[in-house]
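Step one of this worksheet: look at the structure below.
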Amino acid sequence: MAQKVRVRYAPSPTGYQHIGGIRTALFDYFFAKASGGDFILRIEDTDQTRSFEGALEDIYDTFEWLGIDYDEGPKKDGPYAPYIQSQRVDIYKKYAKELVDKGHAYYCYCDSERLEKVRKEKEQNKEQQGYDRKCRDLSKEEEEDLKKKNPNPVIRLKVPLDGSTVFEDIIFGRIDFDNKTLQDFVLLKSDGFPTYHLASVVDDHLMEITHVLRGQEWLPSAANHMLLFKAFNWTPPVYCHLPLIMGEDGQKLSKRHGATQVIEFKNQGYLPEALINFVILLGWSFNDKDEVFSVEQLKKIFTIDKINKSPAAFNYSKLKWFNGLYIRNMDNEKLLNLIIPYYKQKSMISENVTEDEIQILRKIVPLIKERIEILADAPQISFFMFGELPEYKNWDMIIPKNVEKKTVINILNDAKEILYNLGSQKDEDLQHQLYELTAKHGVKAGAVFMPIRIALTGTNKSPDLFPVMNALGRDKVMFRLEKAVEKLKN
Ligand code: GLU
Ligand code: ZN
């Protein structure tokens, strides 16, 4: 029987979760689910200098918002707990010492001043940068001596001086590192904390990780990891480095291109299911025609053999398109609940939403559903639903070109008479009667409908007129037409 798939997402809490991170998490998650395996969340927080207040909470919030459930991890535990590396420091210490005992690693007593001096010398002599391996072959006496001066040495790996380090990456194929280019990198720092390399390898082994999926930027680290697996005499997992994510200009995706943090997308009103659908296509495709996939589908169909190695382009308008699609397919009551915060932000409704406000929002939902791509756009296209009169953003457009003010007043008065039957006569009949005003007043259709639209919504770009009028209700329609006529007369 094949080994059960176990994958891990191993973020370092050094900043807010970003697109690259959740791309890895989602690939991990769907790969695990589709192959009947386990998905593990592991927090790699051993670099205390880079830890960032709030980053850990952001990881948990992101998972909750995306609706991704890990099988093992912090807050949940599992057979390999703890899943937070800062709580596993003794384990790494033990393994680092084991490598020293076996002759695969050594204590390095050099202080930062010496390392800096070495760096400068190498720079001057145009030599390859890096540690000069001074402490690699110390005699017992030399070591005793140095220990007195520096009781807290680091531990470095003894990297083979020649030969090469090779591994097979699922995506990038055979990768070959010349050992001469590699450093005797640090495993355990002087504060007793492990480096990322040591902690990551020890945990991938102890937690029985079968596949490591992570961004292409980690490919160079894989050399260090292979050397460590070899030194420990452990079997390495399968490596699967995921293609870079680029902006549409071909540059590495960054702030310059737009939002990159999950929290920003969330705040702007992207739906998790839309973001997931979009992100899963950053480096993976099912075939060359289907692109809309639900979470439930992805849990069945995601395979790593369909990951490609060419960089993925992040197309913001495509993401918006996905979001609009998921909004249109959403249940109205659910959408209602999701838009509430955006109306609060604009102080259009109270902090403790009243029943009346809910009623208004319930009427708004069908009006905006077909028109918005992100939730944050909802308030600005429905502001006219609040208050007695709308804010007349385009008042000057109430008098169309080549039409006299007097005619507009007459049209609005006629419209009032027709629309008095709003709700008691069919919309099509009323619409037909409004059309007849074009002949009566000798104007084009726009000269009938635009003044009505401005009078009712204050803007020339509102959702469709009849749904708007029905949402406002007859009384408000009458009142606003009346007020517009008064305003025109003054
Ligand atoms: N802690 C690393 C990060 O911040 C994980 C890299 C890996 O998956 O090995 O992304
Ligand atoms: Zn040294």
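Does Leu157 meet the test of being within 30 Å of Ala81 (Cβ to Cβ) and away from ligand 1 (no atom under 14 Å from the Cβ)? Taking the combined requirement at face value, the residue satisfies it.
Would the range 238-257 turn up any residue that is under 21 Å from Tyr196 (Cβ atoms), of a type outside the set (Lys, Arg), open to solvent by 30 Å² or more (accessible area, probe 1.4 Å) and in contact with a His (Cβ under 9 Å, 6 or more places away or on another chain)? Checked the range 238-257: at least one residue is under 21 Å from Tyr196 (Cβ atoms), of a type outside the set (Lys, Arg), open to solvent by 30 Å² or more (accessible area, probe 1.4 Å) and in contact with a His (Cβ under 9 Å, 6 or more places away or on another chain).
Conditions (1) within 16 Å of ligand 1 (Cβ to nearest atom); (2) in contact with a Cys (Cβ under 9 Å, 6 or more places away or on another chain), marked per residue:
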{"site": "Lys75", "(1), (2)": "no, no"}
{"site": "Ser86", "(1), (2)": "yes, no"}
{"site": "Lys94", "(1), (2)": "no, no"}
{"site": "Cys110", "(1), (2)": "no, yes"}
{"site": "Glu113", "(1), (2)": "no, no"}
{"site": "Glu121", "(1), (2)": "no, no"}
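In the set (1) away from ligand 1 (no atom under 12 Å from the Cβ); (2) open to solvent by 10 Å² or more (accessible area, probe 1.4 Å), Ala223 fails one condition alone, (2). The residue that is farthest from Val212 (Cα to Cα), among those in the range 1-45 that are among the β-branched types (Val, Ile, Thr) and open to solvent by less than 10 Å² (accessible area, probe 1.4 Å), is Ile19. Scanning the range 433-448 for residues that are of a type in the set (A, V, I, L, M) and open to solvent by 30 Å² or more (accessible area, probe 1.4 Å) returns Ala439, Ala445. If you check Val212, Val202 for being assigned to a helix (DSSP H, G or I), β-branched (Val, Ile, Thr) and touching a helix residue (DSSP H, G or I) at 6+ places or on another chain (Cβ under 9 Å), only one passes: Val202.
For Asp45, indicate whether it is within 13 Å of ligand 1 (Cβ to nearest atom), among the charged types (D, E, K, R), assigned to a loop (DSSP other than H, G, I, E, B) and closer than 29 Å to Lys93 by Cβ. Taking the combined requirement at face value, the residue satisfies it.
All told, Asp132 falls short of being in a loop (DSSP other than H, G, I, E, B), open to solvent by 80 Å² or more (accessible area, probe 1.4 Å) and not basic (Lys, Arg).
For the range 108-122, a residue qualifies if it is more than 8 Å from ligand 2 (Cβ to nearest atom) and either closer than 15 Å to Leu138 by Cβ or in a loop (DSSP other than H, G, I, E, B) (or both), and exactly one does: Asp111. Can you say whether Asp184 is part of a loop (DSSP other than H, G, I, E, B), away from ligand 2 (no atom under 16 Å from the Cβ) and not small (Gly, Ala, Ser), as far as the supplied structure shows? The answer is no for Asp184. Counting only residues that are in contact with a helix residue (DSSP H, G or I) (Cβ under 8 Å, 6 or more places away or on another chain) and hydrophobic (A, V, I, L, M, F, W, C), which one in the range 144-165 is surrounded by the most Cβ atoms within 10 Å (Cβ to Cβ)? Selected residue: Leu157. One residue stands out in the range 227-242 among those that are over 18 Å from Gly130 (Cβ atoms) and in a helix (DSSP H, G or I): the one that is nearest to ligand 1 (Cβ to nearest atom), namely Phe229.
The values are calculated or read from the model by the stated rules, or taken from the named source; none is laboratory data. Predicted model only: the values in this text are computed from it and were never measured. Ideal geometry is used to build each Cβ from the backbone, glycine not excepted, and the neighbour counts take in all protein chains shown. Just so you know, the surface numbers come from the protein's heavy atoms only, side chains and all, with ligands and any DNA or RNA stripped out. Shrake-Rupley method; radii C 1.70, N 1.55, O 1.52, S 1.80 Å.
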